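Only the coordinates and a few stated rules stand behind these numbers; no lab work does. If you're wondering where the values come from, they're calculated on a predicted model, not measured in any experiment. Note that each Cβ is placed from the backbone with ideal geometry, even for glycine, and that neighbours are counted across all protein chains shown.
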Amino acid sequence: MKIICIGRNYSEHAKEMNSEVPDVPMFFMKSDVSILRPGNPFFYPNFSKDIHYECEIVVKINRVGKNIAEKFAHKYYSEIGLGIDFTARDLQKKCKEMGHPWEIAKSFEGSAPISNEFIPTAVLDLHNIAFSLTKNNKLVQTGNTKDMIFNIHQLIAYISQFMTLKKGDLIYTGTPAGVGPVIIGDSLKGYIGEKEMFSVKIK
Ligand code: ZN
């Protein structure tokens, strides 16, 4: 499976990063070893001193598709989860300055916590999914899919021009504003609506 992550998909986050709002989706990838299953702690890596959380709605692809038209994109997923796109912000900044790829800042081991549970799209209003993240039980991020610059169907259509999407692939759809650092001892909890989707301890 592969993990595709969308950058700058909420204008308030683009603003906080001093980034321009893109005219087409921007994506990068993580590897399968980035996945961090619930119940496992996140071990703060020694190559970074500035790991940031980015809480994101995650789409799980349920069938193979290539060059998927936007109007058919809804047929390629049936469940929505929640995850974190952990980012080594210090390394990312260096990569950006040097014009290098972001993998070392984004695709490291354990950098993609994911909820165990996925919610069937049938019970969700896809263009109005509220989600949030708390750090040590304090609210740090709130988002809603209605504020996405590119919606889920546009993302699937865009990505599938470049690569076949397969069953089990995950799309992290971008983070809203409010990203920030974690330190050892922190605890992060993610919610869709009122429902707790995951809890991650930083060790
Ligand atoms: Zn992200």
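Observations on the model:
- Cα lying deepest toward the dipole's positive end in the stretch 3-201, options ASN151, GLN92, ILE114, charges on Cβ: ILE114
- Residues of the stretch 28-51 with amide N under 19 Å of a point placed 7 Å along Cα→Cβ from THR164: 32
- Put a dot 7 Å past the Cα of LYS71, heading toward its Cβ, do the same for SER199, and the two dots end up 4.7 nm apart.
- Chain lengthening between ASP50 and GLU12 when straightened (0.36 nm per residue, less Cα-Cα): 11.6 nm
- The stretch 22-82: radius of gyration over Cα atoms, expressed as a fraction of 2.2 N^0.38 Å: 1.49
- Listed residue (ASN40, HIS127, GLY180) projecting farthest to the positive dipole end of the chain, Cβ model: ASN40
- Using the rule -39500 (n - 2.57) for each DSSP H run of four or more residues, divided by the residues of the chain, the 222 nm mean residue ellipticity is -4000 deg cm²/dmol.
- Under 25 Å between alpha carbons - lysine pairs in the stretch 42-142 that sit 8 or more apart or on different chains: 16
- Antiparallel beta bridges, as assigned by DSSP with both residues in the chain, represent about 85 percent of the total such bridges.
- Three-way shape call for the stretch 69-203 based on the alpha-carbon gyration tensor, with the a/c threshold at 1.5: oblate
- If the chain linking PHE43 and HIS100 were pulled fully straight, counting 0.36 nm for each residue of separation and taking away their Cα-Cα distance, it would gain 18.0 nm.
- For the chain, built as a Gaussian network whose Cα springs stay under 10 Å, the top-fluctuating residue of THR164, THR175, THR142: THR164
- Gyration tensor verdict on the stretch 135-198 (Cα atoms; rounded if a/c is under 1.5, prolate if a/b is larger than b/c, oblate otherwise): prolate
- Of the GluC sites (Glu not before Pro) in the stretch 1-63, those whose Cβ has at most 14 other Cβ within 10 Å and which sit in DSSP loop: GLU20
- Couplings for the stretch 194-203, taken from phi via the Karplus curve 6.51 cos²θ - 1.76 cosθ + 1.60 with θ = phi - 60°, read 8, 7, 6, 9, 7, 9, 10, 9, 9, 10 Hz in order; Gly and Pro are left as x.
- Volume per residue of the C-alpha convex hull in the stretch 107-156, rounded to whole Å³: 142
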